[in-house]
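Chemist: Would you mind keeping the following structure in view while I ask a few things?
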Amino acid sequence: MKRNVIVGQSGGPTAAINSSLAGVYRTAIDRGAGKVYGMLHGIQGLMEEKYLDLSDYIQTGLDVELLKRTPAAFLGSCRYKLPEIHQDKELYEKIFAILDKLDIEAFIYIGGNDSMDTIKKLSDYAIVTGHQTRFVGCPKTIDNDLALTDHTPGFGSAAKYIGTSMKEIIRDSFCLEYSKGLVTIVEIMGRNAGWLTGSAALSKCEDCNGPDMIYLPEVPFDLQDFKEKVKKLLTKKTSVVVAVSEGIRIADGRYVCELGNSVDFVDAFGHKQLSGTASYLASFIAGELGAKTRAIELSTLQRAGSHLASRVDILEAYQVGGAAVKAADEGDSGVMVTLERTSEDPYQCQTEVKNVHKIANDEKCVPREWITKDGTYVTEEFISYVTPLIQGDVSPVMVDGIPRHLYTPKELYQK
Ligand code: F6P
């Protein structure tokens, strides 16, 4: 590499996204990049010329190790949709003028399907205008819903957190007896894809029966049927634990969370904020069956829990960051790095690159055959697919009993 690299983080954070950032940084330096800039809050910050020089923050090998163990987006993130090129040519001219000013050879964007839309549009504009900067996407999302890749960095750590938390919740739920039973509903992220919710089944092992039911967004949800199933389970058990996706919908297409308090927030990609599914269902069951209920929304914890990160995930996240820089250095643009599973036993994955046009804005859902016929659990195939991704631990660097992270750049919190 002869010139500079710029890297941004976009979309929902994960426990592994900073490991990809570390991989980008190290590989760019090793390949001779002049400077490695970081966009603050992704493309949105770059448009306002908000960026930093990563070498001011990553100075030692220990800093790289801390960054790999630091959850959330170190550089700040954004949910920003670039307009189509013909709708705002001036905006594209402005972005490319900033890239020219910074002498950028490679633009790496770490994100999910919406963020790949940014790589697609910028690489298209570069082709049309004969611009030399190369644009490469680096996959990331806890949702695991990116097309053409076996899985996405960030998913394995979130799945490990969910499997572990589920097991702890199930243990706790059997401690106290309530006259009409206890029903615990655990709400899990993942929008319209059930990969994370299905991972609640990882809690099922020799010392735990796992949740009683798992509801994925891929299957329409029936409130009355749900009530009957819970009622039946309560005739046999003192405690019922159910995992539900934040994105389950009833047959007419409405999200269950919309049946309670209305959800008004919609992001730039038209996604409604999904929250409140567990509390709606808990009130519904309490009202209908008189049982004690508890609603648990794993929310931010499931994507920020770096103390429970999967070693496989953190290593792969680092690897895809490096592969993105390598691809750009070797002349690729308009592509995203993918993970290809080359062996099941022992588990092995390698990186490739694929055309980002086939990935941007698409959503890969759980195949129907990996969900049981009655739609209330995942199959053994699902579990075999996820299990290798949650293996191994990354020991946090503990200081005074609390995990140490790399300092947040001051530009992120100072007004
Ligand atoms: O895109 C990843 C994700 O974590 C989804 O699973 C979830 O629906 C969404 O982000 C939540 O986003 P926000 O933090 O913007 O509410």
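The values are calculated or read from the model by the stated rules, or taken from the named source; none is laboratory data. Note that the structure is predicted; figures quoted are calculated from it, not measured. Here the Cβ positions follow ideal geometry from the backbone for every residue, glycine too, while neighbour counts run over all protein chains shown. SASA here: full protein model, heavy atoms, side chains in, ligands and nucleic acids out. Shrake-Rupley method; radii C 1.70, N 1.55, O 1.52, S 1.80 Å.
Chemist: Of the numbered conditions (1) in a loop (DSSP other than H, G, I, E, B); (2) modelled with pLDDT of 95 or more; (3) open to solvent by 40 Å² or more (accessible area, probe 1.4 Å), Gly210 fails exactly one; give the number of that condition.
Modeler: Only one criterion in (1) in a loop (DSSP other than H, G, I, E, B); (2) modelled with pLDDT of 95 or more; (3) open to solvent by 40 Å² or more (accessible area, probe 1.4 Å) is unmet by Gly210, namely (3).
Chemist: A follow-up question, please. Only one of these conditions is not met by Leu281: (1) more than 16 Å from the ligand (Cβ to nearest atom); (2) under 19 Å from Val186 (Cβ atoms); (3) touching a Phe, Trp or Tyr at 6+ places or on another chain (Cβ under 9 Å); (4) open to solvent by 50 Å² or more (accessible area, probe 1.4 Å). Which number is it?
Modeler: Of the numbered conditions (1) more than 16 Å from the ligand (Cβ to nearest atom); (2) under 19 Å from Val186 (Cβ atoms); (3) touching a Phe, Trp or Tyr at 6+ places or on another chain (Cβ under 9 Å); (4) open to solvent by 50 Å² or more (accessible area, probe 1.4 Å), the odd one out for Leu281 is (4).
Chemist: Taking helices (runs of 4 or more DSSP H) that fall entirely within segment 13-130, which contain at least 3 residues that are buried (at least 24 other Cβ atoms within 10 Å of the Cβ)?
Modeler: Counting at least 3 such residues, we get 17-30, 113-129.
Chemist: Another question, if that's okay. Find all pairs meeting these conditions: Cβ atoms under 6 angstrom apart; at least six residues apart or on different chains; first residue within segment 356-369 and small (Gly, Ala, Ser); second residue surrounded by 13 or more Cβ atoms within 10 Å (Cβ to Cβ) and in a helix (DSSP H, G or I).
Modeler: Ala360/Met116; Ala360/Asp117; Ala360/Lys120
Chemist: Looking at the structure I just gave you, is Leu339 crowded, with 21+ Cβ neighbours inside 10 Å and part of a loop (DSSP other than H, G, I, E, B)?
Modeler: no
Chemist: Give the residue, chosen from Glu246, Glu218, that is modelled with pLDDT of 95 or more, within 12 Å of the ligand (Cβ to nearest atom) and either touching a Lys or Arg at 6+ places or on another chain (Cβ under 8 Å) or not assigned by TED's automatic domain parsing to the domain that holds Asp172 (or both).
Modeler: Matching residue, one of Glu246, Glu218: Glu246.
Chemist: Could you tell me whether segment 326-344 includes any residue that is in the same structural domain as Pro139 (by TED's automatic domain parsing), closer than 19 Å to Val64 by Cβ and out of contact with any Phe, Trp or Tyr (no Cβ under 9 Å at 6 or more places or on another chain)?
Modeler: Yes; the residues of segment 326-344 include at least one that is in the same structural domain as Pro139 (by TED's automatic domain parsing), closer than 19 Å to Val64 by Cβ and out of contact with any Phe, Trp or Tyr (no Cβ under 9 Å at 6 or more places or on another chain).
Chemist: Ok, one more. Taking the stated definitions as given, is Lys180 in contact with a Gly (Cβ under 6 Å, 6 or more places away or on another chain), within 15 Å of the ligand (Cβ to nearest atom) and in contact (Cβ under 8 Å) with a residue 60 or more places away in the chain?
Modeler: The answer is no for Lys180.
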